[in-house]
Amino acid sequence: MKIALLSDIHANLPAFEAVLEDLATKRPEAIYCLGDLVGYNVWPNQVIGLVRKHGIAAIAGNHDLKVSKIHPSEGNCSKEESSEYAYKLVGNKERDYLLTLPRHLRLEFQLNDQQLSMLLVHGSPRSINEYLLQELPEDYMVELVKEFNADILCFGHSHMPYHRIINSGRDGSDHFHHLINTGSVGKPKDGDARACYVLLTIDQSAGFRSGGVCQDSIRSRKSGASC
């Protein structure tokens, strides 16, 4: 099964359109957005509209939840400098949509008589604001995936894509877990300004062998994807 994972669009419409165009050629069976549809850029309503139009299942990011305290602007434009401006652009119906998004999604697969659990979060299962950086100690990450029963843990928030495999097995029995950061569509922070998303392929050996999950970080080469 081929699954597309994207995150941290941050209202960057040109970048998101480039990703959607690329996805049309990749043809994944499912697409999930791991939060932060809004913030920073000026197209929040257009981005939300496309997410809904394409039937992309989404969860809430920390920037999405900011709209609970920042209400839409009454005018179409403003000359005032404000760090809240990007959130004031979010319309009422779009605001209601963001505030009803789930905080996480769990997918269960039955493969070769074994159950595979994939958990989709924004920051981490413990906190929407936690950064699961690649250099975190393996003991910490093992404790995390065991606590939340995640064979595959997918997340965004840091805007830094990576795929890391850890082993929670004991006494010579391997149990591999895949940690996948989706990077960012609209605001990459890894030195590559192109929009980034993940294409995840799960086969019959996924989860319990290190080779069971194939993950590619895809960079859109459309000029409009740069931010």
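Some values worked out for this structure:
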read-out	value
Modelled label reach - R52, point 7 Å along Cα→Cβ, region 81-102 residues with backbone N closer than 16 Å	89-102
Per residue, in Å², the accessible surface of the chain once ligands and nucleic acids are set aside, probe 1.4 Å	48
Simple spin-label estimate for K2 and R103 in nanometres, 7 Å along Cα-Cβ	3.5
Helix runs (DSSP H) in the chain reaching 15 Å along axis by Cα, Kyte-Doolittle at least -1.0	13-26
Most fluctuating residue given options A58, A86, A195, as computed from a GNM of the chain linking Cα atoms under 10 Å	A86
Peptides ranked, highest mean first, by Cβ atoms within 10 Å: ranges 154-163, 45-54, 177-186, 108-117	177-186, 154-163, 45-54, 108-117
GluC sites (Glu not before Pro) lying in DSSP loop within region 127-193, provided at most 12 other Cβ fall within 10 Å	E135
Whole-number percent relative contact order across the chain, with pairs defined as alpha carbons under 8 Å at least 6 apart	23
Nitroxide proxy distance, nm - points 7 Å out along Cα→Cβ at E143 and D203	3.5
Helix-derived mean residue ellipticity, 222 nm - over the chain, DSSP H n ≥ 4, -39500 (n - 2.57), to 500	-6000 deg cm²/dmol
Carbon + sulfur, % of accessible area of region 1-152 - ligands and nucleic acids excluded, 1.4 Å	46
K189 paired with L133, simple spin-label distance in nm, labels 7 Å along Cα-to-beta-carbon	1.0
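The values are calculated or read from the model by the stated rules, or taken from the named source; none is laboratory data. Here the structure is a predicted model, which is why all the values come from computation and not from measurement. Cβ coordinates were reconstructed from backbone atoms using ideal geometry, including for glycine residues, and neighbour counts include every protein chain displayed. SASA here: full protein model, heavy atoms, side chains in, ligands and nucleic acids out. Shrake-Rupley method; radii C 1.70, N 1.55, O 1.52, S 1.80 Å.
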